[in-house]
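Undergrad: Following this message is one structure expressed as structure tokens.
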Amino acid sequence: MALPDLILDPLATPGVLAAKALIRHGSASDPEGLRGAHQLLGSVLSRGCGPYGPIQLADLVEGCGAGLRCDTHEDGLLISLKCRDVDAERLLPVIGWMLRQPHLRPDQVELEKELSLQALLRQKEDAFHLAYDGWRSLAYGSGSYAHDPLGVAEELKEISPDQLRCLAAQLEDHGSVLALSGTIPTKLLKLMESHEAFQEGGAQAITLAASTPRGTSLGTEQGTLSIREQTTEQVVLMLGQPSLAHGHPDDPGLRLLQAHLGQGMSSLLFRRLREDHGVAYDVGVHHPARAGAAPFVMHAATSTDRSKLSLQLLLESWNEMCSKPLDPDDLQLAKVKVRGQLAHASQTTGQRAERRAQLRGLGLPDDHDQRCLEIMDALDPVSIQRIAAEHLSRPLLSLCGPQASLRVLESQWEARQGEARQR
Amino acid sequence: MPDAGLTCLDFWCRAGSAFEHKGEEGLAHFLEHMVFKGSRQLGAGDFDRRIEALGGSSNAATGFDDVHFHVLVPPEGACEALELLLDLVLEPALRADAYGMERDVVLEEIAQYRDQPDEQVVQHLLASSCANHPYGRPILGWEESLLASSPDTMAAFHQRRYRGTNCCLMVAGAIPKGLEQTISASRLASLATQSEDHPNGIDQTLSFQRGRDTIQVERLEAARLLMAWPAAAADQQHQVMGIDLATTLLAEGRRSRLVERLREELQIVESIDMDLTTLEQGSLVMLEACCPAEHIKEVEAEVDRVLQECASTPVQAAEMERGRQLVGNGLRFSLEAPGSVAGIAGPQALWREPQDPLRPLQDLQNWTAAGLQSDVFGQLQASKAFTLVALPEEEG
């Protein structure tokens, strides 16, 4: 095991350095019966590694006024370090230790497990989360994107430190990426090359019976509607479909649709639901960058008495994108928005390092964004419609709200499904 | 910020919810929405389309003290964006048809907040501890007053507050050639200055009530312990930095006093945080612990014990240094993006005078352990707080 795949992005800053290490094992790699294992592993990595116990590590990082965290996404673990350049030589090796010599002490694993279980419980307070959870189950069935990265309480409770050791030993099976943005001290690279934290033989190759990762199947057998009753004032509606991987040749088309439908106050959903009908405050489209079939989901929250109209407006918007070419002016605006968004999303060293690590992590070229812009420039309204019709023809609906409204919306959805079948 | 790729134009106005008169509750925030519905020159949606066609974005936020409207654009579009922004903010059309529709949107926003149990708990704490002060009122306002409002009452509020002496334009990021001249020639220069409404900015100080309450909240899954304290107003920068340092020592990072004791050692909370909200009429310090309901009494007792310990024993030198590093870097790290620079420097320029965004670090260095113990930790005691315990609703 050598240095992680290194990306350098030197930038003039007032002495700030952001480091992002991406490991290509996220919650989608959680083995059968161990949903939540990678999140738990990620959270324990900073609770003792290499020469540092949990307290010494906290003292080192916090004593430098730095930030260190590990987030678990579907496709990977992301370790983020932000510090002053003068502290980089002391702090950067910590990332190496976290990857290659995590302690995974049982008491620390138990503590993080308990915190994760409580966080899972607290998520239920959020109607948006419940609606998304329902949509995710519907869309991905028993597939690897079907659960929240935090896991499933019943399985999380049973995960042992030994099982985490097994996963830790496999963490860099598919390699890892380390991106540095900001003021990069000149000696830093030499230090990393020779530092024991980045040498091989760190994590012991434990050969516990590794569980099999779950498949990546989509949930086609679960129906098309998910309902969660809650005693809320509003109904949260999520209409969407598992779509494309970030590197798919048609994904630039979906990103243009995302910008047209949900980005900014000129977007279609904003205009239609907020400005034309005043039925919702929060509207948008969720289409994250994923290695596999990424969600493409329209969402809105609306009062019960307007929920029928809101669903109708979402459905109209969905149907239009599949059945009608975009107005050329709208398409041009969407292209400008995507281009502008790239500049907006690379303002800080942390944003820049993360995007670079993400692209490399997904196996995409460093100039992927530039290539996508060129592809987008060549797309016309008809090709966008073709992409929508091809990849977004079977939306799934998730609802969370009071029982009485859900019944009405359920009937509305069934009627729509009937019409779709007749077509 | 010569290396920045974008320019942030941030228009600030002393027109937060604290300046609403009786019957106007919610109008400051509703006006922020209505501004985007067009001006005398711009039709509904024109502003958004034109800003986004420049590759930019726009947004706005209303607080207790002020409101700001910000645009983030590539530098070459900054002059055009400035003219659009000023037109929109200073001459909103407030058309009657758009008024009713946008009020519905605000009512949806209120409903969305009411559906979030943690927001309800925080609002209950503010309403209880700042009961006789505008900070105790939700910024979104009351449904009744919104329904009773009209374009005319909103226009009157706008005319009263959006005056030269109450406004400030903050520009951060890449500054393109010609922008300064555009600003000098803009309608900002001719903005009416006189205002009979709070001519010196603010006319009252925070009235804070200590106390204690326990509530049950529907759909709350975990218990919350919330505590609030009154603190120095934003213009007392030395005091504010001391409080920032104290809350960092108490609740930022695993080695902070409260996190280490309650989450790491006793393992009775899922999270414990402290925040300082810097406000012009008196700031607020808030503590929030989230825990299983069965631990709530122990959590409250232990928080009390840790706070008392801080007031009775000075912080050691290494711990002080750790706190200074965390607060200092927190500020340094937040100065990377033009939008966050404008967000930090804007209120300073609006309410006082522009200063180097890193100037507060000097105040930070001036704090000693003894000063912190007597002047800050002595105030952050349970006996001086409003404490709210929020529990999940009992079944049946």
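Laboratory data are not the source of any read-out in this text; all were calculated from the coordinates shown. Since the structure is predicted, the reported quantities are computational estimates derived from the model, not experimental observations. Backbone-built Cβ (ideal geometry, glycine too); neighbour counts: all protein chains shown.
Undergrad: Cα-based Rg (one decimal) and Dmax (whole number) for chain B, in Å?
TA: Cα radius of gyration and Dmax of chain B are 22.4, 68 Å respectively.
Undergrad: Quick check: the distance between the Cα centres of the stretch A:285-302 and the stretch B:219-235, to the nearest angstrom?
TA: Between the Cα centres of the stretch A:285-302 and the stretch B:219-235 lies a distance of 34 Å.
Undergrad: So, in Å, what gap is there between the alpha-carbon centers of the stretch B:86-131 and the stretch A:220-244?
TA: Distance between centres, Cα-based: 27 Å.
Undergrad: Taking neighbour Cβ counts within 10 Å as the exposure measure, how do B:64, B:11, A:128 sort from fewest upward?
TA: Ascending Cβ contact count within 10 Å gives the list A:128, B:64, B:11.
Undergrad: What ratio of Cα Rg to 2.2 N^0.38 Å holds for the stretch B:7-184?
TA: Against the compact-globule rule of thumb, the ratio is 1.07.
Undergrad: Other chains near B:285-298: what is the mean number of their Cβ atoms within 10 Å of each residue's Cβ?
TA: The per-residue average across the peptide is 1.
Undergrad: I've got another one for you. Considering chain A as a Gaussian network with a 10 Å cut-off on Cα pairs, which listed residue, A:232, A:183, A:349, attains the greatest mean-square fluctuation?
TA: Checking each option, the largest mean-square fluctuation is seen for A:232.
Undergrad: Let me ask something additional. If you place +1 on the Cβ of every Lys and Arg and -1 on the Cβ of every Asp and Glu, how big does the dipole about the Cα centre of the protein assembly as shown come out, in debye to the nearest 20?
TA: Using Cβ point charges on Lys, Arg, Asp and Glu, the protein assembly as shown gives about 980 debye.
Undergrad: Taking +1 at the Cβ of each Lys and Arg and -1 at the Cβ of each Asp and Glu, which of A:309, A:400, A:103 sits farthest along the dipole of chain A towards its positive end, judged by Cα position relative to the Cα centre?
TA: Ranked along the dipole, the leading option is A:309.
Undergrad: What is the calculated FRET efficiency for residue B:22 to residue B:235, with r their C-beta to C-beta distance and R₀ = 25 Å, to the nearest 0.05?
TA: Step by step, r from the Cβ atoms, then E = 0.40.
Undergrad: Nearest 0.05, what FRET efficiency do residue A:336 and residue B:312 give at R0 = 56 Å with Cβ-Cβ as r?
TA: After rounding to 0.05, the efficiency reads 0.40.
Undergrad: Which order do peptides A:257-264, A:162-169 fall in by mean Cβ count within 10 Å, highest first?
TA: Packing order, densest peptide first, comes out as A:257-264, A:162-169.
Undergrad: For chain B, the longest stretch holding no trypsin sites (Lys or Arg not before Pro) located in a DSSP loop with at most 16 other Cβ atoms within 10 Å is which?
TA: Longest stretch, sites excluded: B:211-351.
Undergrad: Which of these, A:73, A:344, A:299, has the largest mean-square fluctuation under a Gaussian network model of chain A (Cα springs below 10 Å)?
TA: Taking springs between Cα atoms under 10 Å, the residue moving most is A:344.
Undergrad: Regarding the stretch A:328-411, what are the three Cα extents along the principal axes, ordered largest first, in Å?
TA: Principal extents (Cα only, largest first): 49, 34, 25 Å.
Undergrad: Please work out whether the protein assembly as shown counts as rounded, prolate or oblate from its C-alpha gyration tensor, where a ≥ b ≥ c are the square roots of the eigenvalues and a/c under 1.5 means rounded, while otherwise a/b larger than b/c means prolate and anything else oblate?
TA: rounded
Undergrad: Continuing with the same structure: Taking only the alpha-carbon positions of chain A and ignoring solvent, what does the Debye formula give for the base-10 log of I(q)/I(0) at q = 0.10 Å⁻¹?
TA: So the normalised log intensities work out to -0.76.
Undergrad: Separation between the residue B:394 and residue B:131 pseudo-spin-labels, each 7 Å from Cα along Cα→Cβ, expressed in nm?
TA: Distance between the two pseudo-spin positions: 2.5 nm.
Undergrad: Using the charge dipole of the stretch B:7-184 (Lys, Arg: +1 at Cβ; Asp, Glu: -1 at Cβ; taken about the Cα centre), state which of B:43, B:124, B:184 has its Cα farthest towards the positive end.
TA: The one lying farthest along the dipole's positive direction is B:184.
Undergrad: Using only the alpha-carbon atoms, what does the stretch A:1-67 span along each of its principal axes? Please give whole angstrom values in decreasing order.
TA: Here the Cα extents, ordered largest to smallest, are 47, 30, 22 Å.
Undergrad: With springs only between Cα atoms under 10 Å, which of B:260, B:108, B:309 fluctuates most in a Gaussian network model of chain B?
TA: In this elastic network of chain B, the residue with the biggest mean-square fluctuation among B:260, B:108, B:309 is B:108.
Undergrad: Only four residue types carry charge here, +1 at the Cβ of Lys and Arg and -1 at the Cβ of Asp and Glu. Report the dipole size of chain B about the Cα centre in Debye, rounded to the nearest 20.
TA: That gives chain B a dipole magnitude of about 980 debye.
Undergrad: Give me a single rounded figure for A:339-346: the average over its residues of other chain Cβ atoms within 10 Å of their Cβ.
TA: Counting Cβ atoms of other protein chains within 10 Å of each residue's Cβ and averaging gives 5.
Undergrad: Tilt of helix A:381-391 relative to the longest C-alpha principal axis of chain A, in degrees (0 to 90, nearest 10)?
TA: Approximately 70 degrees, to the nearest ten.
Undergrad: Would you mind ranking B:51, B:183 so that the residue whose beta carbon has the fewest other beta carbons within 10 Å leads the list?
TA: With the sparsest Cβ surroundings first, the list reads B:183, B:51.
Undergrad: Please compare each pair in A:124/B:384; A:20/A:337; B:297/B:384; A:82/A:157; A:20/A:190; A:82/A:187 to a cut-off of 22 Å on the Cα-Cα distance and tell me which ones are over it.
TA: A:124/B:384; A:20/A:337; A:82/A:157
Undergrad: With both partners inside the protein assembly as shown, how many of the DSSP beta bridges are antiparallel, as a percent to the nearest 5?
TA: Within the protein assembly as shown, antiparallel bridges account for around 85 percent of the total.
Undergrad: What's the center-to-center distance, using Cα atoms, between the stretch A:387-410 and the stretch A:61-117 in Å?
TA: Answer, in whole Å: 39.
Undergrad: As a check on your grasp of the helix formula, calculate [θ] at 222 nm for chain B: sum -39500 (n - 2.57) over DSSP H runs of n ≥ 4, divide by the residue count, round to the nearest 500.
TA: It comes out at -12000 deg cm²/dmol, rounded to the nearest 500.
Undergrad: Sort B:387, B:182 so that the residue with the fewest other Cβ atoms within 10 Å of its own Cβ comes first and the one with the most comes last.
TA: Lowest count first: B:182, B:387.
Undergrad: What FRET efficiency would be calculated for the residue pair residue B:218, residue A:276, taking the C-beta separation as r and a Förster radius of 30 Å, to the nearest 0.05?
TA: So the FRET efficiency works out to roughly 0.35.
Undergrad: When you have a sec, figure out the Kirkwood radius of the stretch B:211-392 from all distinct Cα pair distances and drop it here in Å to one decimal?
TA: After inverting the pairwise mean of 1/r, the radius is 17.2 Å.
Undergrad: Continuing with the same structure: Take the Cα of residue A:370, step 7 Å along the line toward its Cβ, and report every residue of the stretch B:66-95 whose backbone nitrogen sits under 13 Å from that point.
TA: none
Undergrad: To the nearest 20 Debye, how big is the dipole of chain A about its Cα centre, given +1 on the beta carbon of each Lys and Arg and -1 on that of each Asp and Glu?
TA: For chain A, the charge dipole is close to 360 debye.
Undergrad: Kirkwood Rh, the stretch B:277-375, all Cα pairs: how many Å?
TA: Taking the inverse mean of 1/r over all distinct Cα pairs, the stretch B:277-375 comes out at 16.5 Å.
Undergrad: With just the Cα atoms of the stretch A:225-422, tell me how far they stretch along each of the three principal axes, in Å, largest first.
TA: Here the Cα extents, ordered largest to smallest, are 50, 36, 31 Å.
Undergrad: Give the average, rounded to an integer, of partner chain Cβ atoms located within 10 angstrom of each Cβ in A:6-16.
TA: 2
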